[in-house]
Ligand code: FES
């Protein structure tokens, strides 16, 4: 192992590859450095300053997500100066907008109380819909930041609720830029960018209008990248609903097409609140299309069929499975006997699993005796 490729982090030596940042080397070796704006695979922006570390010889703390590892570099990730800087950054971020997740007014002298209340309270009205799933809240709790040292900034821009799937709450935006990178560098849709300057900075779509009038295709990559409650799935914004816990991720495979994208359903109170792609795993590596990301309202739809229907005199009536299957077997058997098996055709669906499609073709060929089998994407 050539010494030229070694870096010291917290007193231990690690090898690095050309092009790796300090953060890359640390993460690869299980060293925790907090991040907010860092988005894997995108150009580092150094916007949030949460990943600050001490580098021997450097005049100031450096952002580890943007600093390339160099030979003989000596890095410290947990010094008092580093911790102080991270806490201050968290306080400033909490004061930059409307972050009412209770870390604002908890009593830091009572650490247990602080943690318990932050995770379980129900007393606030209008709690952020990202409550319990917010990286800023998580870091504030971890670093014991109260967030009430600075007066919170007044919201400058109205909440945008006119989009079909995404609510944009600019008052909760910390301008980390992850959504912009997700849109421009990951999905390459180029629908959003930074707009205005200084305290008026804002993430804007075309003409500073709503997403629905822009080039946005509602893939939801931005929503997945947002570490706070600035971009929220509309389904999670039910009026009068107050989150008291985080969502529970349930891993599954998207059934909209045959690609088999890996996804998490984020469930709270037995309802799906959002869907995210599983990162670092193929075939989708965290990305999803609009259908996979937002097309789950059918799960709780009151229109879902719960029993087979049999049509009689032009009207449907509920039937038992035995009756319905018996009826279908009887009719198919009669057609086959009268007109031959090729008088029957079967359409399966691209939205069911491979195994189910296999069973359908097996039934069609082996039981019905015809090769008239196809699928319909709209079924
Ligand atoms: Fe490095 Fe934000 S993660 S500056």
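The values are calculated or read from the model by the stated rules, or taken from the named source; none is laboratory data. Quantities reported herein were computed from a predicted structural model and do not represent experimental measurements. In this analysis, Cβ positions are derived from the backbone assuming ideal geometry, glycine residues included, and neighbour counts consider all displayed protein chains.
Which strands (runs of 3 or more DSSP E) does the range 234-344 wholly contain that include 1 or more residues that are closer than 22 Å to residue 168 by Cα and at pLDDT below 95? Even if it seems obvious, please write down each step before you answer.
Details: elements: 248-253, 262-268, 271-277, 309-312, 315-318.
The strands (runs of 3 or more DSSP E) meeting that bar are 262-268, 271-277.
If the Cβ limit is 6 Å and pairs must be 6+ apart or interchain, which residue in the range 43-54 that is without any contact (Cβ under 8 Å) to a residue 40 or more places away in the chain and under 18 Å from residue 87 (Cβ atoms) pairs with which residue that is within 6 Å of the ligand (Cβ to nearest atom) and assigned to a loop (DSSP other than H, G, I, E, B)?
51/35; 51/65
Just to verify a result, which residue in the range 73-90, among those that are surrounded by 19 or more Cβ atoms within 10 Å (Cβ to Cβ) and within 16 Å of residue 7 (Cβ to Cβ), is farthest from the ligand (Cβ to nearest atom)?
The qualifying residue farthest from the ligand (Cβ to nearest atom) is 73.
Can you pull out every residue in the range 359-379 that is loosely packed, with under 13 Cβ neighbours inside 10 Å, under 27 Å from residue 261 (Cα atoms) and at pLDDT 95 or above?
The one that is loosely packed, with under 13 Cβ neighbours inside 10 Å, under 27 Å from residue 261 (Cα atoms) and at pLDDT 95 or above: 362.
So residue 93 clears everything in (1) out of contact with any strand residue (DSSP E or B) (no Cβ under 9 Å at 6 or more places or on another chain); (2) under 26 Å from residue 233 (Cβ atoms); (3) modelled with pLDDT of 90 or more; (4) away from the ligand (no atom under 16 Å from the Cβ) except one condition, right? Which one?
Evaluating residue 93 over (1) out of contact with any strand residue (DSSP E or B) (no Cβ under 9 Å at 6 or more places or on another chain); (2) under 26 Å from residue 233 (Cβ atoms); (3) modelled with pLDDT of 90 or more; (4) away from the ligand (no atom under 16 Å from the Cβ) leaves (4) as the failure.
Give 70, 42, 66 a once-over and let me know the one that is surrounded by fewer than 18 Cβ atoms within 10 Å (Cβ to Cβ), away from the ligand (no atom under 14 Å from the Cβ) and assigned to a loop (DSSP other than H, G, I, E, B). So that I can check it myself, show each step before the final result.
Details: 42 fails: away from the ligand (no atom under 14 Å from the Cβ); 66 fails: away from the ligand (no atom under 14 Å from the Cβ).
Step by step, each of 70, 42, 66 is checked, and only 70 is surrounded by fewer than 18 Cβ atoms within 10 Å (Cβ to Cβ), away from the ligand (no atom under 14 Å from the Cβ) and assigned to a loop (DSSP other than H, G, I, E, B).
Scan the range 73-93 residue by residue and report those that are free of Cβ contacts under 8 Å to residues at least 60 places away in the same chain and assigned to a loop (DSSP other than H, G, I, E, B). Please lay out each step first, then the result.
Step one: filter the range 73-93 for residues free of Cβ contacts under 8 Å to residues at least 60 places away in the same chain, giving 79-82, 84-92.
Residue satisfying the conditions is 79 alone.
Quickly run through the range 46-58 and pick out the residues that are assigned to a loop (DSSP other than H, G, I, E, B) and either within 7 Å of the ligand (Cβ to nearest atom) or touching a strand residue (DSSP E or B) at 6+ places or on another chain (Cβ under 6 Å) (or both).
Step one: list which residues in the range 46-58 are assigned to a loop (DSSP other than H, G, I, E, B), which gives 46-51, 56-58.
Across the range 46-58, the qualifying residues are 46, 47, 48, 49, 50, 51, 56.
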